[in-house]
Amino acid sequence: MMSLDPKTSAGHYHTHTDPTGCFSTTMSASGRARRTGVIALAALLTLTSSAAARKADVRGYRCQVAAAAQRPDPPLPKTPRSTEGLPEGATVTSLSPLPARQEPPSERLEPLCPRGEVPQPIDRRSEKGMPGRGNRHRPVTQTGYWYAAKRQRVLRHRGSYAFLSHPSPVLQDGIGHSLAEIAITGFRNDGDIVEVGWTADRHLYGDAVPRLFVFHWINGVDQCYNGCGYVQTSTTMAPGMAVPTTGGTFEYRLQVSRGNWSVYYNGERLGYFPASRWGGRFTRSGMHQWFGEVYAATPTPCTDMGNAIFGSSPGAARIDNTVNIINRYRMRTSKPRVTSADVSNAAWYNVSPRRSFGYGGPGGC
């Protein structure tokens, strides 16, 4: 886009000066009109430039033609409110649409690929701990992994969402990561799991910048980050994208539709995991989880979880509205409490007791 400097380009009015450097009083009316018009145009271009779209900072994707099956989720039906399958005391509110913490207009994103194509993430592999299964939270006992987690066992429901803050954790030298996410395990098989969140991982992305990720498990076997069957639909955002760390919280959502697990970030559908990944058996939830995770290759982790502030202290990284579940009628259900909290080592990382909670800590160094 052309950029105009009113001091040099707006009609070149600096050439209409007398020897003292002052504007000439003999400029014609038409000249003044032209100068005024060009300056106004320059101001308009400046405003347009400040609100211009930018491309997101995304690591590891290739442009490919959008699949014909990549359609948006259908509108949410107007159905009677129901608390079927929920614990006593649960409340239900309508889900249309979910709230989103959008980026300001000056941060509009333009497509990453040519028209008709989407930025399909490339399969990536790095360390990833398994979320809890059944009535136990297995990650707490995994070597090298530390957790500050909350979970709720909710059967046969369609999804979950939460609002996560975006801190900039300091990572220990070497292999390791710090992340926050939501995860849902299957009703029929608790080894079927889908996850979405952000992670700071040098091994995965080549830098320590917090970036979006998606992940899934099939029958207890880990797949890979951002790919291995994941289908991209958004043209402007994709797993591997750097997330803003300037404050606030941002929506992350997992929701099943037509048997596929759709992944949302900040109100936009990124893509989905096809039902065929699990043979069609993973179409309802067994357990919902929200947590921070640290992986380190040493017995004592020196990596920040969240912003290095203990979750029980003011100012900690946040996971808000965590117990909002999407039930079988695709209604948003607000549950009275999270049934369980799990912390690997409370001396290093912990969580606050509330439903919307702080999490994190400085590690053991």
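The values are calculated or read from the model by the stated rules, or taken from the named source; none is laboratory data. Note that the structure is a prediction, hence the values are computed from the model and not measured. Glycine also receives a Cβ, built like all others from the backbone with ideal geometry; neighbour counts cover every protein chain displayed.
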Looking only at segment 204-263, how many residues end up being part of a strand (DSSP E or B), touching a strand residue (DSSP E or B) at 6+ places or on another chain (Cβ under 7 Å) and not small (G, A, S)?
22
Failed condition for T91, given (1) modelled with pLDDT under 55; (2) among the β-branched types (V, I, T); (3) crowded, with 17+ Cβ neighbours inside 10 Å, with all others met?
(3)
Sole exception among (1) hydrophobic (A, V, I, L, M, F, W, C); (2) at pLDDT below 90; (3) assigned to a loop (DSSP other than H, G, I, E, B) for F282, by number:
(2)
Here is a check on your reading of the model: is R328 part of a loop (DSSP other than H, G, I, E, B) and either farther than 13 Å from S160 by Cα or modelled with pLDDT under 95 (or both)?
yes
